[in-house]
Amino acid sequence: NASSADSMQNVCAGNARFSGKKAMINRERRVAITVPDTLMPLRNPDENPEDLCACKKKPVDLRKERGVFHWFVCVGDEIEKGDTVGEGEVGKRTIEIIAPADGIFDEQCIEELEVFEAGTVLGFISPI
């Protein structure tokens, strides 16, 4: 969807948090944000676990399925380990991608709504 990608670019273009920290990042120790082989799908916290369909009770095997990625962060954002950096739609299931380290999100390797699979490097975080 071009309008979603355009709106994300507009949000990111207005991001000024990166400007003062650019000189402090350490690109030599960057950490890749990589899609793992499997992830559990998200579920609504109000759902009764007994009422879940079978597809939400087992991990999504990203070695066999591909998804479309949606970013929650912009280049220049300061993020913490455990923050959700984006989510993927795989079939009718949603998975979260979590930041593996603290730092500055300094490189986006795939575009908004681009297809991903296990092993895809989505971006990089540089420690501050």
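Report the net charge of residues surrounding E114, where surrounding means a beta-carbon distance below 14 angstrom and charges are Lys +1, Arg +1, Asp -1, Glu -1.
Surrounding charge for E114 is -4.
Enter the accessible area per residue of the range 62-128 (Å², integer; probe 1.4 Å; all protein chains in place).
In whole numbers, the range 62-128 has 45 Å² accessible per residue.
For E65, what charge total do you get from the other residues with a beta carbon under 14 Å from its beta carbon, if Lys and Arg give +1 and Asp and Glu give -1?
Residues close to E65 contribute a combined charge of +2.
Testing the spin-label approximation: label points 7 Å from Cα along Cα→Cβ at V121 and C109. State their distance in nm.
Going by the 7 Å Cα→Cβ label model, 0.4 nm.
Assuming R0 = 22 Å, what is the FRET efficiency of D102 and M40, from their Cβ-Cβ distance, to the nearest 0.05?
The value I calculate is 0.40.
The values are calculated or read from the model by the stated rules, or taken from the named source; none is laboratory data. Predicted model, so just to flag it, every value in this text is computed and none were measured. Every residue, glycine as well, gets a Cβ built from its backbone with ideal geometry; the counts of neighbours run over all protein chains shown. Quick note on the areas: whole protein, heavy atoms, side chains included, nothing else; ligands and nucleic acids left out. Shrake-Rupley method; radii C 1.70, N 1.55, O 1.52, S 1.80 Å.
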